[in-house]
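Asks: This is the structure I have questions about; it appears just below.
Any read-out appearing in this document is the output of simple, stated calculations on the displayed coordinates, not a laboratory observation. These figures come from a predicted structure and were not determined experimentally. Cβ placement follows ideal geometry from the backbone for every residue including glycine, while neighbour counts extend to all protein chains displayed.
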Amino acid sequence: MYPPEIIEGWERIAEREDYFASLVRGKVHKWAAVPDVLAAMDEDGVGESWITGFGFKDLGLCRLCNDYALEAASESGGRLKVMAVVPPTARGAAGEIERCSSLGAIGVGEIFPDGQDFDISNVEETWRLARACHESGMFVMLHTAEPVGRDYPGKGRTGPGEAYIFARNHPELRIVMAHWGGGLFLYESSREARVVLKNVRYDTAASPFVYDSGIFDVCGMGWTRGKIMYGSDYPLLRYPRFERMLDESSLEDDAKRDLLFMAARDFLRGNDQ
């Protein structure tokens, strides 16, 4: 969700935020503010949304996004929960994570490794983020990209291999890998990988852009139950498009409930452990 100041001044911001510029100038980009998401929730029958701002390289812009989202959540009657954004290697990032946690944020993300010049496979760059999230009791959500079949601006450091290394380096950290972890979830069929990925979950954001409805069939397999959570990539996509894919899949009703609600509820309860 973008604060009005960013929507109105995006061209000036894009001059110094190259990753942001590449996305907002894309053909499918859409702006959305808090009233838009609340209206969409009402129309689509969505009870609760986890919202986030954009992961800028500039900490001040991230703080502006965080303040906007946190205020909206406090006024939403529990319908909105916030994931805070920070540039992970910036001075002051840990303090911003702690501040947002004290104001009710549930996690940190979505972090853009390429867009924020952040190497998730290099522990020297990741330990500060991991420590701040762990000590604040928050999970971290990382953008991950498919290794083949779909291109992102500068996607070289965000594939399933790098994501696996990040999880291995930080076994104490609770992690959500966006976009099915770029396929990392498939490796959970390996007993050895499941040990490393014990605290990792995956979201389904942007699935209609990449997969057919068969991708959701895997959510009913024993080794994926409770590991995959619905994510929309709103405002690019909304729930009805995912609902059609689910209806076309062979997923049973109880597995659908896990995907759409139970997995996220149980994962969030881990914040209090």
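Asks: If we count other beta carbons within 10 Å of each Cβ, what is the order of Arg174, Arg265, fewest first? Each step should come with its number before you reach the end.
Replies: Details: Arg174 22, Arg265 11.
Fewest-to-most ranking of Arg174, Arg265: Arg265, Arg174.
Asks: Would you please give the residues with an amide H less than 5 Å from that of Gly109, counting only those at least 5 places away or on a separate chain, with H modeled from the backbone geometry?
Replies: When sequence neighbours closer than 5 places are left aside, the close amide H contacts are Ala84, Val85, Val86, Met141.
Asks: For segment 260-265, take each phi angle, set θ = phi - 60°, evaluate the Karplus expression 6.51 cos²θ - 1.76 cosθ + 1.60, and give the result in whole Hz per residue in order, putting x for glycine and proline.
Replies: 8, 8, 5, 4, 5, 4
Asks: With 10 angstrom as the radius, rank Val37, Val46, Val140 by how many other C-beta atoms surround their C-beta, starting from the fewest.
Replies: Numbers: Val37 22, Val46 18, Val140 27.
Fewest-to-most Cβ neighbours within 10 Å comes out as Val46, Val37, Val140.
Asks: Going by how many other beta carbons lie within 10 Å of each one, how would you line up Leu103, Leu142, fewest first?
Replies: Working: Leu103 16, Leu142 29.
Listing Leu103, Leu142 from fewest to most nearby Cβ atoms yields Leu103, Leu142.
Asks: Taking amide H positions as placed 1.01 Å from N in the peptide plane, with prolines and chain starts having none, which residues 5 or more places from Lys81, or on another chain, fall under 5 Å of its amide H?
Replies: Close amide H contacts, sequence-distant or interchain: Ser49, Trp50, Ile51.
Asks: Per DSSP helix of 4 or more residues, -39500 (n - 2.57); summed, then divided by the residues of the chain. What does that give at 222 nm, rounded to the nearest 500?
Replies: Working: 13 runs with 110 residues, N = 273.
It comes out at -11000 deg cm²/dmol, rounded to the nearest 500.
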